[in-house]
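Visitor: Structure provided below as structure tokens; questions to follow.
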Amino acid sequence: MALCLRDAEVIIGAEEMSPGGRVMVGDMRRYASAFVDAVKEIGSLDNICYARVRDIVGQNSTFVSQSGTFPKRFHDYSTRDVMGMNDAMNDIYEQALENELGFSATFDLMTTWRHLGRLGSHDLSAMREALGGMPVKVLGASLCSAAGPPFCNAIFQFPNFSVSYESGVDFIPRCDASIEIFSKSKSIKICYDTPYIKGVPVTLHVKEASPDGSYRECMIRKTYEDPFISMLKELYDCAVFEKEIKTTATDAKREIELFGMILRAAVQGQVT
């Protein structure tokens, strides 16, 4: 939705000033049927012992070029437009990193912030809903290197368990994205594929110990309907029937706060 708290507040303020206006943020992973079912399944667990959030993907262009949608790339924009976009991004980096977090906007920090804003927002938004809220703190984190493909990881502390998070973009043509929750006798895993190929299903994987001591594993593919379609149906219900919106602007602001927690932990870890 935004890459700094200032801009998030502008959106929230505009919503509050618009009579009857509401903002729905497009976190499509949270509307996937498998995710909705997984959240219910997670809610039935006696406790959570540990969780993993992973999102390591190849280049978007690899998937888009094979999507069957006849994509086109255009270059009919002026140098002035490019400079304007760069100025806007530099303003965001200055606001987010320097004014709001108190850091110098180094290349590694800017690379990490950009990566979290692009890929991390989807992961962390879904993580928050699946696990019932924000982590208490970030125990440790690493920064993306501006010199190579962006990779970062973090360890989140929730009240009674920890979560490992790893995220990166490389040149291997695959999408390895999942959220996995472990309890005493059951694990629940939501697996996402690339969103750029229509109809690729999101699947739910359950592993558990049966009462007789045997091992049970199942994979649930509820539908081939992709998360974008599920989200658009939800948007229709919110607009026409005034259904409550779960991915609100105020909710999305939490991602920016979590980005800040990650960067603070990463910078603190570099201090010797």
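Visitor: Pairs, please: C-beta under 6 Å, at least 6 apart or cross-chain, first residue within 24 Å of S178 (Cα to Cα) and in the stretch 52-76, second in a loop (DSSP other than H, G, I, E, B) and hydroxyl-bearing (S, T, Y)?
Guide: So the pair list comes out as F63/T194; F63/Y196; V64/Y196; S67/Y196.
Visitor: Within the set of pairs 6 or more residues apart or between chains, which connect a residue that is of a type in the set (V, I, T) inside the stretch 155-181 to a residue that is part of a strand (DSSP E or B) and surrounded by 18 or more Cβ atoms within 10 Å (Cβ to Cβ) with Cβ atoms less than 6 Å apart?
Guide: Here the result reads V163/A51; V163/F156; V169/V57; I179/V53; I179/I190; I181/A51; I181/I188, each pair linking the stretch 155-181 to a residue that is part of a strand (DSSP E or B) and surrounded by 18 or more Cβ atoms within 10 Å (Cβ to Cβ).
Visitor: Among helices (runs of 4 or more DSSP H) lying entirely in the stretch 75-133, which contain 1 or more residues that are within 30 Å of S44 (Cα to Cα) and modelled with pLDDT of 95 or more?
Guide: Passing ranges, in order: 121-131.
Visitor: Still on this structure, please answer the following. Residue check: is G68 among the small types (G, A, S), surrounded by fewer than 17 Cβ atoms within 10 Å (Cβ to Cβ), over 23 Å from the mean Cα position of the chain (by Cα) and assigned to a helix (DSSP H, G or I)? Spell out the reasoning first.
Guide: Details: among the small types (G, A, S): yes; surrounded by fewer than 17 Cβ atoms within 10 Å (Cβ to Cβ): yes; over 23 Å from the mean Cα position of the chain (by Cα): yes; assigned to a helix (DSSP H, G or I): no.
Criteria not met by G68.
Visitor: Considering only the stretch 221-234, state which residues are surrounded by fewer than 16 Cβ atoms within 10 Å (Cβ to Cβ) and of a type outside the set (D, E, K, R).
Guide: Within the stretch 221-234, T223, Y224, F228, L232 qualify.
Visitor: Sort out which residues of the stretch 244-264 are surrounded by fewer than 21 Cβ atoms within 10 Å (Cβ to Cβ), assigned to a helix (DSSP H, G or I) and of a type in the set (D, E), and write them in order of number.
Guide: If the condition is that a residue be surrounded by fewer than 21 Cβ atoms within 10 Å (Cβ to Cβ), assigned to a helix (DSSP H, G or I) and of a type in the set (D, E), then D251, E257 are the ones that fit.
Visitor: Pick from P149, P159: which is under 24 Å from V200 (Cβ atoms), outside any helix (DSSP H, G or I) and either in contact with a strand residue (DSSP E or B) (Cβ under 8 Å, 6 or more places away or on another chain) or of a type outside the set (K, R) (or both)?
Guide: One residue alone meets the criteria, P149.
The values are calculated or read from the model by the stated rules, or taken from the named source; none is laboratory data. All of these numbers come straight from a predicted model, not from anything done at the bench. In this analysis, Cβ positions are derived from the backbone assuming ideal geometry, glycine residues included, and neighbour counts consider all displayed protein chains.
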